[in-house]
Amino acid sequence: MTKDTSNQMWGGRFAAGPDAIMEAINASIGYDQRMAAQDIAGSRAHAAMLAKSGIITDSDAEAIREGLLTVLSEIESGNFAFSTALEDIHMNVEARLKEVIGEPAGRLHTGRSRNDQVATDFKLWVRDQMDAATAGIEALIKALLAQAEAGADWVMPGFTHLQTAQPVTWGHHMMAYVEMFARDKSRFEDARRRMNESPLGAAALAGTSFPIDRDMTAAALGFDRPAANSLDAVSDRDFALEFLAASSICAMHLSRMAEELVIWSSAQFRFVTLSDRFSTGSSIMPQKKNPDAAELIRAKIGRIFGANTALLMVMKGLPLAYSKDMQEDKEQVFDAADNLMLALAAMEGMVKDMNANRPSLEAAAGSGFSTATDLADWLVRALNMPFRDAHHVTGSLVAMAESRDCDLPDLSLEDMQSVHAAISADVFDVLGVHNSVASRMSYGGTAPARVREQVARWKEILG
């Protein structure tokens, strides 16, 4: 095969031949430069420990510390030239450190490997993202609480199968999402506690013969303790998978709420009006106001699900300890984290800005025979009727109302007594939607009093 033919097979980007291909597939600096701050923090902690343990001199440790701060400043100001030939953020930082301080830079890597270095950097980055996700979820919960408190006694239809089921309150519906997102918050917090062990000092896979102090570096980096097994420390990516798993569940909740906002803001429902900040118009239809932010949240969720699946596939067949496959862990996590934070911020903004259309909610709450269950419950309580019989009587009354194109409260007492003679005028006390929601006083129910109790409870929890 001629050189020209082989280059054509590789493609124009790899005209330089196999070396260019290997450099391209091996390098991760294009994305792992995002861990620069974590990498430098880990190196500073490691250098301080090496000096205290007598492994390097104090003067070398000071030079390394100052040099690393210079490198970090260059990166943060955008004046750092990243090199693909140096593969990753770790080698890029170390090479620049050597240019800045000379020989002492070569002592920084004593007692560690890129294996424990990258595991530490990545853990620090994921931990920061867990904290950011927790804060983002809490901000969304507070926006939901404000909506719930404002509409604790506003009636609206509750749905099953997207069919009118029973009246609920706007506040109760908002509080359902508070509970969902609160579980998401707890998942990130729980995962953070579990992952907070330091890999630094595990070295390549077996630890090191240098008298290092892993407790010192763990404490300096905010870890609870050093990881107990060096093999596990360098090969573990559970923390990234747990982040993606928690992100996926949270993303699913965001998508469900986004779907409801799309439906509720439609001309057919008119339950909510989204602000212009989170809507767009149509290029040819001037009447349109499209819920684009909600739709994009609904779509972006797929990227988070995909990242979770992708990393599981990377890890599923790897023997201990480190394999180069694990370089493919970060890009997926970075993308998922970006999209989760964007979706959380957009949802918080929509919830804070949206206006619930109380008249439309109330009108819809009474449609579709939504108080049929209240009628059946009244038959059980007032007439001591078995529930199955009450269900049958109520069904007959619903059929009568449907045939007359009216709702249950519109039937006369005589109409109801034609189905069951013992029905009294007291039945009309339970057929109104406000009476219906007020009666649902069981713990966790939709009664306004219960909604306000839950709002107060969550406001106290969040402080």
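Restricting to the range 85-102, count the residues that are open to solvent by 30 Å² or more (accessible area, probe 1.4 Å) and either within 23 Å of T217 (Cβ to Cβ) or within 32 Å of the chain's Cα centre (by Cα) (or both). If you could, list the steps in order and put the result at the bottom.
The first filter runs over the range 85-102 and keeps only residues open to solvent by 30 Å² or more (accessible area, probe 1.4 Å), leaving 85-87, 91, 94-96, 98-101.
This time we only want the ones that are either within 23 Å of T217 (Cβ to Cβ) or within 32 Å of the chain's Cα centre (by Cα) (or both), so: 87, 91, 94-96, 98, 100-101.
So the answer is 8.
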(Q) Can you list the helices (runs of 4 or more DSSP H) lying wholly within the range 361-451 that have 1 or more residues being over 25 Å from W154 (Cα atoms)? (A) 372-383, 387-403, 413-419
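Inspect all residues belonging to the range 219-236 and state whether any of them is open to solvent by 20 Å² or more (accessible area, probe 1.4 Å), under 30 Å from H46 (Cβ atoms) and of a type in the set (F, W, Y). If you could, list the steps in order and put the result at the bottom.
Going residue by residue through the range 219-236, those that are open to solvent by 20 Å² or more (accessible area, probe 1.4 Å) are 219-220, 222, 224-226, 228-232, 236.
After this cut, where a residue has to be under 30 Å from H46 (Cβ atoms) as well, the list is 219-220, 222, 224-226, 228-232, 236.
If we keep only those that are of a type in the set (F, W, Y) too, we end up with none.
The answer is no; no qualifying residue exists.
Restrict the check to the range 107-117 and report whether at least one residue is touching a residue at least 12 places away in the same chain (Cβ under 8 Å) and more than 19 Å from L200 (Cβ to Cβ).
Going through the range 107-117, the residues touching a residue at least 12 places away in the same chain (Cβ under 8 Å) turn out to be 107-117.
Retained after the next criterion (residues that are more than 19 Å from L200 (Cβ to Cβ)): none.
No, the conditions are met nowhere in the range 107-117.
Of all residues in the range 232-246, which are small (G, A, S) and more than 24 Å from A203 (Cα to Cα)?
If the condition is that a residue be small (G, A, S) and more than 24 Å from A203 (Cα to Cα), then A245, A246 are the ones that fit.
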Q | Tabulated pairs, the range 149-168, first not assigned by the TED database to the domain that holds A372 and hydrophobic (A, V, I, L, M, F, W, C), second assigned to a strand (DSSP E or B) and at pLDDT below 85, C-beta under 7 angstrom, 6+ apart or interchain | A | F159/A165
Q | Criterion violated by D405 - all others in (1) touching a Pro at 6+ places or on another chain (Cβ under 8 Å); (2) without any contact (Cβ under 8 Å) to a residue 12 or more places away in the chain satisfied | A | (1)
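The rows are residues; the columns are (1) part of a helix (DSSP H, G or I); (2) over 20 Å from the mean Cα position of the chain (by Cα); (3) not aromatic (F, W, Y).
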{"position": "A165", "(1), (2), (3)": "no, yes, yes"}
{"position": "H172", "(1), (2), (3)": "yes, yes, yes"}
{"position": "A176", "(1), (2), (3)": "yes, no, yes"}
{"position": "F181", "(1), (2), (3)": "yes, no, no"}
{"position": "S186", "(1), (2), (3)": "yes, no, yes"}
{"position": "E189", "(1), (2), (3)": "yes, no, yes"}
{"position": "R192", "(1), (2), (3)": "yes, no, yes"}
{"position": "G201", "(1), (2), (3)": "no, yes, yes"}
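Residue-wise test of (1) of a type outside the set (D, E); (2) assigned by the TED database to the domain that holds N355; (3) more than 24 Å from S360 (Cα to Cα); (4) modelled with pLDDT under 95.
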residue	(1), (2), (3), (4)
E189	no, yes, yes, no
N196	yes, yes, yes, no
M216	yes, no, yes, no
A228	yes, yes, yes, no
D238	no, yes, yes, no
A251	yes, yes, yes, no
R270	yes, yes, no, yes
G281	yes, yes, no, yes
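Considering only residues that are aliphatic (A, V, I, L, M) and in contact with a strand residue (DSSP E or B) (Cβ under 6 Å, 6 or more places away or on another chain), look in the range 403-450 and name the one that is farthest from E179 (Cα to Cα). Talk me through it step by step, then tell me what you get.
Restricting attention to the range 403-450, the residues satisfying the condition of being aliphatic (A, V, I, L, M) are 408, 411, 413, 416, 419, 421-423, 425, 427, 430-431, 433, 437-438, 441, 447, 449.
Those still in the list that are in contact with a strand residue (DSSP E or B) (Cβ under 6 Å, 6 or more places away or on another chain) too: 433, 437.
On the way: V433: 25, V437: 20 Å.
Taking the candidates together, the pick is V433.
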Q | Residue that is modelled with the lowest pLDDT, among those in the range 407-427 that are of a type in the set (S, T, Y) and surrounded by 11 or more Cβ atoms within 10 Å (Cβ to Cβ) | A | S424
(Q) Given the condition buried (at least 21 other Cβ atoms within 10 Å of the Cβ), of a type outside the set (A, V, I, L, M, F, W, C) and part of a helix (DSSP H, G or I), answer yes or no: does some residue in the range 306-325 qualify? (A) yes
Q) Is there any pair with a first residue in the range 330-346 that is part of a helix (DSSP H, G or I) and a second that is open to solvent by 60 Å² or more (accessible area, probe 1.4 Å) whose Cβ atoms are under 7 Å apart and which are 6 or more apart or on different chains, and what are they? A) F334/R34; D335/R303; A336/R303; N339/R303
Q) Tell me, which residue of the range 25-43 that is without any contact (Cβ under 8 Å) to a residue 60 or more places away in the chain and open to solvent by 10 Å² or more (accessible area, probe 1.4 Å) is farthest from the chain's Cα centre (by Cα)? A) I25
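The values are calculated or read from the model by the stated rules, or taken from the named source; none is laboratory data. Note that the structure is predicted; figures quoted are calculated from it, not measured. Note that we place each Cβ from the backbone using ideal geometry, even for glycine, and neighbour counts take in every protein chain shown. SASA here: full protein model, heavy atoms, side chains in, ligands and nucleic acids out. Shrake-Rupley method; radii C 1.70, N 1.55, O 1.52, S 1.80 Å.
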